[in-house]
Amino acid sequence: MSCSSELRILGNGECYCPIIGYYSIDEDIACYECDYKCEKCTNNATNCTSCSHFSRLIENNCECLEGFYELIDNKIECLGTYNNINILYINID
C-alpha cells in the first residue's frame, strides 16, 4: 500500500497527515486543518482527539478548563487566571 499524495504518509496500514493540527479523509490526497479548538483531530475538523493548552477533551470537543473562558475570535482560545497569573492562550498556527 502507498499513499496517493506526498502530503500524507503511511503508518500502521493507513495514510495520514503527519502535521499536528491537520487530518485527512480516506482516499482524499489533501490534508485539512483541524478546528482552532483542537490540537489534533480525525475524520473532520471538529472531531478533536486532543486539545491545546488550558482546555480539556469532553466527548471529542475541547472546552476551556475551569476558571477559563473562550474568546470567540478565530484563533484565541482560553482566557483566565492560573496560579494568580492572567493567561491568554492564543493558537498562532
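The values are calculated or read from the model by the stated rules, or taken from the named source; none is laboratory data. From a predicted model like this one, the values you see are computed outputs, not experimental measurements. Methodologically, a virtual Cβ is constructed for each residue, glycine included, from the backbone with ideal geometry; neighbour enumeration extends over all protein chains shown. Ligands, DNA and RNA are excluded from the accessible area calculation, which covers all protein heavy atoms including side chains. Shrake-Rupley method; radii C 1.70, N 1.55, O 1.52, S 1.80 Å.
Observations on the structure shown:
Every residue, every condition in (1) open to solvent by 80 Å² or more (accessible area, probe 1.4 Å); (2) modelled with pLDDT of 85 or more, yes or no:
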| residue | (1), (2) |
| --- | --- |
| 19 | yes, yes |
| 24 | no, yes |
| 35 | no, yes |
| 51 | no, yes |
| 65 | no, no |
| 78 | no, no |
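- Residue list for region 1-12, filter: modelled with pLDDT of 75 or more, loosely packed, with under 15 Cβ neighbours inside 10 Å and assigned to a loop (DSSP other than H, G, I, E, B): 12
- Here region 53-63 is the region considered, the condition is being part of a loop (DSSP other than H, G, I, E, B) and more than 19 Å from residue 23 (Cβ to Cβ), and the residue that is most open to solvent (accessible area, probe 1.4 Å) is 53.
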